[in-house]
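First comes the structure, then the notes that go with it.
The values are calculated or read from the model by the stated rules, or taken from the named source; none is laboratory data. Note that this is a predicted model, so its numbers are computed, not measured. Neighbour counts are summed over all protein chains in view; Cβ atoms, including those assigned to glycine, are modelled from backbone coordinates with ideal geometry. Surface accessibility is based on the protein's heavy atoms, side chains included, excluding ligands, DNA and RNA. Shrake-Rupley method; radii C 1.70, N 1.55, O 1.52, S 1.80 Å.
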Number of protein chains: 2
Amino acid sequence: MAPSPPAPARRADAQRNIDAILDAAVESFARRPDTTLAEIAKAAGVGRVTLYGHFASRADLVDAAMARVLEHGDAVLEPLELDGDPAEALERLIATSWQLIHQSRSLLVAAQAELSSARIRDLHAGPAARAERLLARGQSEGVFRSDLPTSWLVATLHNVLHGAGDEINAGRLKPEDAARTVSLTILAAFAAR
Amino acid sequence: MAPSPPAPARRADAQRNIDAILDAAVESFARRPDTTLAEIAKAAGVGRVTLYGHFASRADLVDAAMARVLEHGDAVLEPLELDGDPAEALERLIATSWQLIHQSRSLLVAAQAELSSARIRDLHAGPAARAERLLARGQSEGVFRSDLPTSWLVATLHNVLHGAGDEINAGRLKPEDAARTVSLTILAAFAAR
């Protein structure tokens, strides 16, 4: 029997495998929400036993892939200029958020099948906090309505943005119209009277 | 071996069992979205083999329970007065729809776990058609905006109504505030400029 490599090397191997599996998962789910774990293991160049050793179920892997995509998304949103006029800033936030959602639309279908909507909201804590800061500022400056709680505005923004993905999947909305459609809806809904 | 009862009697038995299972499913899911099929079989007074004979999977049973609840809901919405001022009619539709959604909130959590969002939308075809007629009339009368397609308004109404359920589940919205919160959001979003 060959001697086991020392522990730090084994940990580095495990981390490389996890990274390869998550990269493959994000890419495979982006193509097809019903990708199997066997296909993801193959794309990652690892055995199924290795994959199941790191991710005990399909839900675990979808959860980790969503977390990775949202971490990437948060990094894309980070440099976005959200100062200045709150309504214009909200339009910029919607346009960029929509691009991110659109790229991950297929992964989101997998997530909706495997995770609760509460868990999906929890995974969005980063983008939700960003939206909440902007919406609260707009409320305090009198640009956005204050008769509804900020948390409700955050939830409505999330639901309307994701609803656009469902409408595209159903063939009722063109992808190129989505950001404008969401903006027109949200800005009217949130405007102070 | 006892002789089998004649076919019509067997069919009547089967229909009684299906009805008992669906009644038990609707009631059990209304209490807990994670109710097991074994518990539902017990509440229906049938064996697990009988239940699995009619509903091959948890998803099948959740789908049938949702269909039954939505059929009931459509009957509740049927007598609703949707003529007259479209904005007032929409407020009435929202208030009644919200009551129905709130009663089935726990079943909806089970449905979101078992069914695709496209399937959940399909199951809502009856209520969606009702909303669509009212929204299209309001658009043609110049009360609701016409710069967005009617299908988008229907989808937004669906998503915001169901989003209220998620916000209640998360403890961020009080049930008694939900219908008013949804109405304020939707009427502002849909108003003609």
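Label segment B:1-157 by shape, choosing from rounded, prolate and oblate, from the square roots a ≥ b ≥ c of the eigenvalues of the Cα gyration tensor; if a/c is under 1.5 it is rounded, and otherwise prolate applies when a/b is larger than b/c, oblate when it is not. Because a/c hits 1.5 or more and a/b exceeds b/c, segment B:1-157 counts as prolate. Contact-buried residues of segment B:84-121, at a threshold of 20 Å² lost accessible area versus the chain by itself: B:GLN112, B:ALA113, B:SER117, B:ARG121 (1.4 Å probe; DNA, RNA and ligands ignored). For segment A:51-99, chymotrypsin sites (Phe, Trp or Tyr not before Pro) are listed when DSSP marks them as loop and at most 12 other Cβ atoms sit within 10 Å of their Cβ; the list is empty. The listed residues B:THR150, A:THR181, once ranked by accessible area (1.4 Å probe) with the largest placed first, stand as B:THR150, A:THR181. Taking other residues whose beta carbon is less than 11 angstrom from the beta carbon of B:VAL182, and scoring Lys, Arg as +1 and Asp, Glu as -1, yields -2. For B:LYS42, no lysines have a Cα closer than 26 Å to its Cα, not counting residues fewer than 8 places off in the same chain.
Think of a 1.4 Å ball rolled over the protein heavy atoms: segment B:59-190 then has 40 Å² of accessible area per residue. Each other copy places its own label point for A:LYS42 at 4.4 nm from this one, sorted shortest first, where the point lies 7 Å along the Cα-to-beta carbon line. Here segment B:59-190 has 52 percent of its accessible surface on carbon and sulfur atoms, given a 1.4 Å probe and all protein chains in place. Taking amide hydrogens as placed 1.01 Å from N in the peptide plane, the amide H of B:ALA191 sits under 5 Å from those of B:ARG145, each at least 5 positions away in sequence or on another chain. Within the shell of other residues whose beta carbon sits under 13 angstrom from the beta carbon of A:GLU141, the net charge comes to 0, with Lys and Arg scored +1 and Asp and Glu -1. Answer rounded, prolate or oblate for the protein assembly as shown, using the Cα gyration tensor with square roots of eigenvalues a ≥ b ≥ c: rounded when a/c is under 1.5, else prolate when a/b is larger than b/c, else oblate. Oblate, because a/c is 1.5 or more while a/b does not exceed b/c.
Computed from protein heavy atoms with a 1.4 Å probe, the total accessible area buried between A and B is close to 2300 Å². B:ILE168 exposes around 20 Å² of accessible area when a 1.4 Å probe is run over every protein chain in place. Shielding by partners for peptide B:154-162, expressed as the average number of C-beta atoms from other protein chains within 10 Å of each residue's C-beta, is 5.
Lys and Arg at +1, Asp and Glu at -1: add these up for the other residues within a Cβ distance under 12 Å of B:VAL160 and post the number. Counting the neighbours of B:VAL160, the net charge comes to -2.
Considering only GluC sites (Glu not before Pro) in DSSP loops that have at most 13 other Cβ atoms within 10 Å, the longest stretch of chain B without any of them is B:1-80.
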